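Right, one structure below, let's go through it.
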Amino acid sequence: MVDQLSRQLGDLALGSVPTMILFVLLVIAYRFVLYGPLMRTLAERRERTIGAVEKAHAAIAAADAKSQEYEAKLRAARAEIFHRREQQLQKWSAQRDSAVVTARQAAHERVSIARQAVEAEADAARHQIEASAAQLARQIMKAVLPSELASAEGGR
C-alpha cells in the first residue's frame, strides 16, 4: 500500500510537471502581454493626472500672482488718484485763498476810497457851513432883532 501510494504520488508529480510548465509559461505570457502594458498605461495615466494636477496648481498660483499684481496696481492707481485729488484740492484752495485775499484788498481799497470821499465831502460841508455861518447869523439877527438894532449890529 505504501508502494502503491508512493507510485501514485510519483505519477501525479510527473503528470503535474507539464501543468507547472504551462502555468509558468502562462504567468510569463501574462506578464509580457497583459500586465506589463497595463502597468505602463496606468503609470502613464497617473503621470498625466499628476501632471494635470500640477499644471492646475501652477495655473492657480499664476492666477493668484496675477490677481495680487492686479490688486497692487489697483491700489497704486487709487493712491495716485487720491494724491492727484489732494493736489487739485490744494491748488483750488490756494486759488480760493488768493481770490479771497485779492477781493479783501480790493474791498479795503474801495472802503479807503469811500472813506476819503466821505471825509472830503464832510470837509467841504464843514467849509460851506463855516462860510455860510456868518451870513446865517446876520439873517437870524435881522429876523430876531428889530430892524434898527440889526442895522446897528450889522454895522459893527
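Given the choices (i) 220; (ii) 98; (iii) 125, volume of the Cα convex hull per residue in Å³ derived from the coordinates of this structure is entry (i). What the phi angles of the stretch 99-115 give under the Karplus curve with 6.51, -1.76 and 1.60, with θ = phi - 60°, is a coupling list of 5, 5, 4, 4, 5, 5, 5, 5, 5, 4, 5, 5, 5, 5, 5, 5, 5 Hz, glycine and proline written as x. Near GLN90: Cβ cut-off under 14 Å, other residues only, Lys/Arg at +1 and Asp/Glu at -1. The net charge is +2. In the stretch 108-148, the C-alpha radius of gyration followed by the widest Cα-Cα span (Dmax) gives 17.3, 58 angstrom.
Every number here is computed from the coordinates shown, using simple stated rules; none is lab data. These figures come from a predicted structure and were not determined experimentally. So basically every Cβ, Gly included, is an ideal-geometry build from the backbone, and we count neighbours across all protein chains shown.
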